[in-house]
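What follows is a set of notes on a single structure, which appears directly below.
The values are calculated or read from the model by the stated rules, or taken from the named source; none is laboratory data. As the structure is a computational prediction, the values presented were derived from the model and not from experiment. A quick note on method: Cβ atoms are made from the backbone with ideal geometry, for glycine too, and the neighbour counts reach across all protein chains shown.
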Amino acid sequence: KKAMSNQQQPANIIFESSKHLESGEPEPQLKPNLLTLYSMRFCPFAQRTRLVLQHKQLPHQIVNLNLVRKPDWFLAKSASGKVPVLIEPDGWTLIESLVTCDYLEDAHPEPPLYPGDARKRAAMRLAVGKMGDSVIPAFYRWAMRRGDEQKAEWESLLAGLTQLQAQLGDSNFFGDCDQVQMADLMIWPWIERLPVAAKMLGFQLPADRFDKLLGWTSRMEQQRAVKETRISDDVHAAFFKAYWAKEVQYDGLD
């Protein structure tokens with residue numbers, strides 16, 4: 001299968017499946033001696049791993065998967081059927097977004113994504129924990145409910161974002177840092193999707209209440225890794241529309 005025909009395809013992505021492979025389709029012939037990421041283009045958890053791979057400019061190949069009709073050969077690699085799955089050339093396999101990202105940091109420490117200061121590293125972990133405990137669950141509850149329940153979940157989401165913004169404080173990036181760190185990349189995928197989903201559902205993030213978080217968003221949009229993994233608002237919207245209609249569509253949305 002050919003790699004995606006995209007002139008802006010980053011040079012370190014050696015191969016990417018041109019469609020999301022599904023049950024009944026053969027496993028692609030992958031190149032040896034390369035990191036392999038099993039992914040789904042619209043999955044924010046898989047985007048975390050892609051962000052780290054791009055930040056570090058690590059050569060790798062990507063197999064995109066249909067998560068509704070998963071191929072048996074993928075389930076043999078990941079019993080949970082979830083992405084991301086990161087596989088080393090020798091077959092060593094790792095799952096879970098945060099674990100794969102920390103592994104890449106340990107195995108390929110340059111350029112670093114954790115500061116040397118232990119207190120800053122602790123602050124970053126608090127921010128990522130707040131994202132996982134409060135913001136991400138509220139995001140999905142809000143996106144999937146309707147009516148008064150949805151309005152209540154929007155308030156829960158705003159409360160979580162308020163706590164997240166407090167973790168950012170007056171710093172340019174999380175962990176009281178002046179350049180992008182692991183925490184920023186772990187938080188970004190949902191912030192990328194939030195304005196699109198909010199507009200479609202008739203909500204708007206109060207700019208005056210979230211000025212610091214919106215400033216961080218602007219700085220993140222300038223990061224190379226974000227530019228190289230970002231999906232356009234129109235394509236996100238097309239995916240959300242199909243997803244909410246229970247007609248999940250992975251390909252042909254561009």
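From the list Leu94, Leu86, Leu34, Leu53, exactly one residue is over 27 Å from Arg193 (Cβ atoms), surrounded by 15 or more Cβ atoms within 10 Å (Cβ to Cβ) and not small (Gly, Ala, Ser). Which is it? Steps first, answer last, please.
On the way: Leu94 fails: over 27 Å from Arg193 (Cβ atoms); Leu86 fails: over 27 Å from Arg193 (Cβ atoms); Leu53 fails: over 27 Å from Arg193 (Cβ atoms).
Going through Leu94, Leu86, Leu34, Leu53 in turn, the sole match is Leu34.
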Here are some residues: Ser171, Ser80. Which one is part of a loop (DSSP other than H, G, I, E, B), among the hydroxyl-bearing types (Ser, Thr, Tyr) and over 30 Å from Leu30 (Cβ atoms)?
Ser171
Take Asp211 and tell me if it is loosely packed, with under 15 Cβ neighbours inside 10 Å, modelled with pLDDT under 95 and outside the structural domain of Gln54 (by TED's automatic domain parsing).
no
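Do we have any residue at all in the stretch 91-103 that's small (Gly, Ala, Ser), on the phi < 0 side of the Ramachandran plot and in the same structural domain as Ser39 (by TED's automatic domain parsing)? Steps first, please.
Residues of the stretch 91-103 small (Gly, Ala, Ser): 91, 97.
Filter once more, keeping what is on the phi < 0 side of the Ramachandran plot: 97.
Cutting the leftovers down to in the same structural domain as Ser39 (by TED's automatic domain parsing) gives us 97.
Yes - at least one qualifying residue is present in the stretch 91-103.
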Select from the stretch 97-128 the residues that are exposed (fewer than 14 other Cβ atoms within 10 Å of the Cβ) and of a type in the set (Asp, Glu) and list them in ascending order.
Asp106, Glu110, Asp117
Which of (1) surrounded by 14 or more Cβ atoms within 10 Å (Cβ to Cβ); (2) polar (S, T, N, Q); (3) not in a loop (DSSP other than H, G, I, E, B) does Ser218 not meet, given it meets every other one?
(1)
Under 6 Å between Cβ atoms, which residue pairs at least 6 apart in sequence (or on different chains) link something in the stretch 79-96 that is farther than 12 Å from Ile62 by Cα with a partner that is not in a loop (DSSP other than H, G, I, E, B)?
Gly81/Leu75; Thr93/Ile87; Leu94/Leu86; Leu94/Thr100; Leu94/Tyr103; Ile95/Val85
Selected residue (criterion: farthest from the chain's Cα centre (by Cα)) from residues of the stretch 38-56 that are of a type in the set (A, V, I, L, M) and farther than 23 Å from Ala238 by Cβ
Leu53
Residues satisfying the stated conditions in the stretch 103-119, i.e. free of Cβ contacts under 8 Å to residues at least 60 places away in the same chain and in a helix (DSSP H, G or I):
Tyr103, Leu104, Asp106, Ala107, Ala118, Arg119
When you look at Ala46, is it touching a Gly at 6+ places or on another chain (Cβ under 8 Å) and crowded, with 19+ Cβ neighbours inside 10 Å, yes or no?
no
May I ask you to list pairs of residues, at least six apart or on different chains, whose Cβ atoms are under 7 Å apart, with the first in the stretch 204-218 being touching a residue at least 24 places away in the same chain (Cβ under 8 Å) and more than 13 Å from Leu157 (Cα to Cα) and the second being surrounded by 10 or more Cβ atoms within 10 Å (Cβ to Cβ) and among the polar types (S, T, N, Q)?
Lys212/Gln165; Leu213/Gln165
